[in-house]
Amino acid sequence: MPVTNDEFRAALPLFPSGVTVVTTRDEEDRFHGITVSAFCSLSLDPPRVLICVEKTTGSHLALEWSRAFVVNMLSADQQESSERFASQIEDKFDTVRFDAGIDGIPVLLGCLATLECRITTAYDGGDHSIFVGEVEKANVHDGDPLLYFRGDYRSISE
Ligand SMILES: Cc1cc2nc3c(=O)[nH]c(=O)nc-3n(C[C@H](O)[C@H](O)[C@H](O)COP(=O)(O)O)c2cc1C
């Protein structure tokens, strides 16, 4: 017998995670960014990661078109960026500072690390798709991560 919806939704927030913003662009050259905690390292050789993105989001369509994305791992002081990219505001990049990365896709400034990826495969995962990306470039910086646990933002020192 499958798990009930309530049981499933009660269990998932008990897995603590970091927070990323996945950026990409669409065929009209508009930037997309989505807050994603469903990020995971997948393979060291070749270097691959995966992200899970809900099919109804604007970013999903853009990812299918661009076949590339940047994973921006947020620092402890970037909660506002997480909230911004989880919202439906018109121009999410309005007040955000970034450089151009792979295929001109935004690489956010102030992150703990960024991974520039080319999509190799997309899998059906139910109401989400699993995008596998081969990492072409990685940048790392000092700092502490932004964490998410029990539906709330946390810091590593808590
Ligand atoms: C902490 C946090 C983690 C999230 N993780 C994911 C995720 O892993 N995958 C996903 O599809 N949506 C995730 N979301 C929801 C999206 O960020 C949200 O639906 C966003 O508005 C989609 O933007 P878009 O429609 O402009 O692409 C998360 C939201 C928050 C606050």
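Before moving on, here are some points about what is shown:
- Label-point separation, VAL3 to ASN139 (7 Å along Cα→Cβ), nm: 3.7
- Euclidean distance between Cα centres, the stretch 98-137 to the stretch 1-79, Å: 9
- GNM result for the chain, Cα springs below 10 Å: residue of VAL96, VAL21, VAL53 fluctuating most strongly: VAL96
- Under 5 Å between amide hydrogens, built in the peptide plane, is the criterion, and for GLY101 it picks out VAL107 among residues at least 5 positions away or on other chains.
- The trypsin sites (Lys or Arg not before Pro) of the stretch 75-158 that DSSP puts in a loop, and whose beta carbon has at most 16 other beta carbons within 10 Å, are ARG97, ARG150.
- Evaluated with a Cβ-only charge set (Lys, Arg +1; Asp, Glu -1), the chain carries a dipole of roughly 240 debye about its Cα centre, given to the nearest 20.
- Rounded to the nearest Hz, the phi-derived 3J(HN,Hα) couplings of the stretch 117-125 under the Karplus curve 6.51 cos²θ - 1.76 cosθ + 1.60 (θ = phi - 60°) are 10, 9, 6, 9, 8, 10, 10, 6, x, where x marks glycine and proline.
- Note on the stretch 20-155: Cα-Cα pairs beyond 22 Å make up 31% of the total pair count.
- Length gained when the stretch LEU42-SER157 is fully extended (0.36 nm per residue, less Cα-Cα span): 38.6 nm
Values quoted throughout were computed directly from the atomic coordinates according to the rules given, and no laboratory measurement underlies them. Everything numeric in this text was worked out from a predicted model, so none of it was measured. As a convention, Cβ positions derive from the backbone with ideal geometry for all residues, glycine included, and neighbour counts pool all protein chains shown.
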